[in-house]
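Student: Below are the structure tokens for one structure; questions will follow.
The values are calculated or read from the model by the stated rules, or taken from the named source; none is laboratory data. Keep in mind that what you see is a predicted model, and the values were worked out from it rather than measured. Positions of Cβ are backbone-derived with ideal geometry, glycine not excepted, and every protein chain shown enters the neighbour counts. Surface areas here come from the heavy atoms of the whole protein model, side chains and all, with no ligands, DNA or RNA. Shrake-Rupley method; radii C 1.70, N 1.55, O 1.52, S 1.80 Å.
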Amino acid sequence: MGTGIGSAYRVPTLQDVLDARNVVRRYLAPTPLLHSPNVNEHLGFDAYLKCENLQPINAFKIRGGLYLMSRLAPEERERGVVTASTGNHGQSIAYAARLFGVRAVVYAPDGANPDKVAAMRRLGAEVVLTGRDFDEARLAAEERAERDGLRYIHSANEPDLIAGFGTYALEMIEAVPDLDTVIVPVGAGGGVCGTAIVMKAVNPAIQVIGVQSEEMPVVYRAWRERRLLELDGGMTFAEGLATRVAFELPLRIMWDLVDDMRLVSEEALRTAIVHLIKTAHLLAEGAGAAAFAAAEQMREELAGRKVGLIVSGGNITLDTLRWALAMAGS
């Protein structure tokens with residue numbers, strides 16, 4: 001059974017996202033919304049790429065980290081924070097903690113993306129590598145919080161993170177008020193929740209679609225079966241999509257507001273990385289290319305629509321990029 005006590009958490013509203021924007025805009029400029037003739041021709045519909053890969057940490061998670069850190073009580077800032085991450089969430093917490101003068105500890109799995117680990121350390125976080133995957137690292141982080149009295153930051157069951165993530169959706173809908181559909185990569189689900197909160201408040205007819213990897217489909221399955229689930233295993237090169245546990249707060253929001261969930265193959269993710277470079281000259285990691293991969297898969301369904309695609313992150317290692325490009329040439 002997935003962890004988290006959803007009833008203990010307040011579901012964020014559009015007002016929470018507006019409040020988050022008042023904080024986020026002090027530190028971050030709006031990211032570009034790319035409307036490219038090349039991309040539109042490739043996909044066969046009107047696509048708008050939200051370039052969260054161009055954030056200071058090259059991922060959308062920075063928005064949630066900044067807002068959550070701004071909301072900590074003085075005693076929580078004094079004690080310090082601990083979290084678990086495959087990399088982008090950890091970078092967001094490290095970045096925001098440095099900005100607000102807070103000690104940060106990040107637990108990551110042994111095989112974590114080395115570039116992301118180096119970035120977290122460069123930002124001043126103590127990084128502890130442990131466990132075979134994110135969920136084992138998460139359990140170790142929870143134990144550390146209990147032992148040392150640190151403020152534990154859950155990567156999913158945190159309303160302030162979700163409100164912060166929603167700020168990119170505000171930027172999108174203000175730029176293109178007549179969007180029909182938005183497609184969002186899903187790890188634990190915070191990004192798609194923030195997106196859905198904004199889009200459904202502004203226009204309930206906007207379709208919000210989440211995307212997961214076929215190899216780690218726990219949120220996809222939990223959303224469809226309307227129950228919390230935990231997988232025994234699974235592996236995807238797209239570490240931002242790699243969770244075995246579905247958490248209650250994001251699922252509660254998704255059950256209420258998300259219209260559909262899709263799965264994409266590892267091959268589709270790899271191909272989308274290459275096609276984003278080729279058509280948009282954008283560099284995305286595996287998770288960051290997931291919405292584009294789903295869009296390629298859904299060409300016929302999306303014909304004639306205005307579609308927002310979240311390029312959620314660009315922290316791809318050189319080795320993974322070489323592999324993706326080599327496979328494209330084989």
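Student: How are the alpha carbon pair distances in region 94-135 distributed across 5 Å bins from zero to the largest one, expressed in percent?
Tutor: Per 5 Å bin, starting at zero, the Cα-Cα P(r) for region 94-135 comes out as 6, 26, 29, 21, 12, 5, 0 percent.
Student: Based solely on its DSSP helices, what 222 nm [θ] is calculated for the chain when runs of n ≥ 4 H residues each add -39,500 (n - 2.57) and the sum is averaged over all residues, nearest 500 deg cm²/dmol?
Tutor: Details: 15 runs with 162 residues, N = 330.
Calculated at 222 nm, the ellipticity per residue is -15000 deg cm²/dmol.
Student: Once the convex hull of the C-alpha atoms of region 168-258 is built, how many Å³ does it hold per residue, rounded to a whole number? Walk me through the numbers on the way to the answer.
Tutor: Values: hull volume 7.9 nm³, N = 91.
Expressed per residue, the convex hull around the Cα atoms of region 168-258 is 87 Å³.
Student: Identify all aspartates and glutamates with a Cα-Cα distance to LYS116 below 17 Å; exclude those on the same chain that are fewer than 8 residues away in sequence.
Tutor: Once the sequence-local aspartates and glutamates are set aside, what remains near LYS116 is GLU52, GLU126, ASP133, GLU239, GLU285, ASP319.
Student: Further, regarding this structure: Taking the 0 to 90 degree range and rounding to the nearest ten, how far is the long axis of helix 318-329 tilted relative to the main principal axis of the chain, both from C-alpha atoms?
Tutor: 20 degrees
Student: Taking the Cα atoms of the chain, report the difference between the largest and smallest coordinate on each principal axis, in whole Å and largest first.
Tutor: 54, 45, 39
Student: If you take the beta carbon distance between ARG226 and LEU318 as r and set R0 to 51 Å, what does 1/(1 + (r/R0)^6) give as a FRET efficiency, to the nearest 0.05?
Tutor: 0.80
Student: Measure nothing fancy, just the Cα-based angle from helix 266-280's long axis to the longest principal axis of the chain, in degrees from 0 to 90, nearest 10.
Tutor: 70 degrees
Student: With a cap of 16 neighbouring Cβ atoms within 10 Å, and only residues DSSP puts in a loop, list the trypsin sites (Lys or Arg not before Pro) found in region 152-246.
Tutor: Counting only loop positions with at most 16 other Cβ atoms within 10 Å, the trypsin sites (Lys or Arg not before Pro) in region 152-246 are ARG226, ARG227.
Student: Just to be sure I understand: of the beta bridges DSSP finds with both ends in the chain, what percent are antiparallel, rounded to 5?
Tutor: About 10 percent, rounded to the nearest 5.
Student: Now, a different point. Taking only the Cα atoms of region 24-105, how large is their convex hull per residue, in Å³?
Tutor: So the per-residue hull volume is 99 Å³.
Student: Can you send over the carbon and sulfur percentage of the accessible area for region 163-320, probe radius 1.4 Å, protein chains only?
Tutor: 46 percent
Student: Normalized C-alpha radius of gyration of region 177-330, against 2.2 N^0.38 Å?
Tutor: 1.01
Student: When only C-alpha pairs under 8 Å and at least 6 residues apart count, what is the relative contact order of the chain, in percent?
Tutor: This gives 23 percent for the chain.
Student: Below 8 Å between Cα atoms, with a sequence gap of 6+, how large is the relative contact order for region 224-330 in percent?
Tutor: RCO, region 224-330: 24 percent.
Student: Okay, moving on. To the nearest 10 degrees, how steep is helix 248-257 against the longest Cα principal axis of the chain, on a 0 to 90 scale?
Tutor: Orientation of helix 248-257: about 30 degrees from the principal axis.
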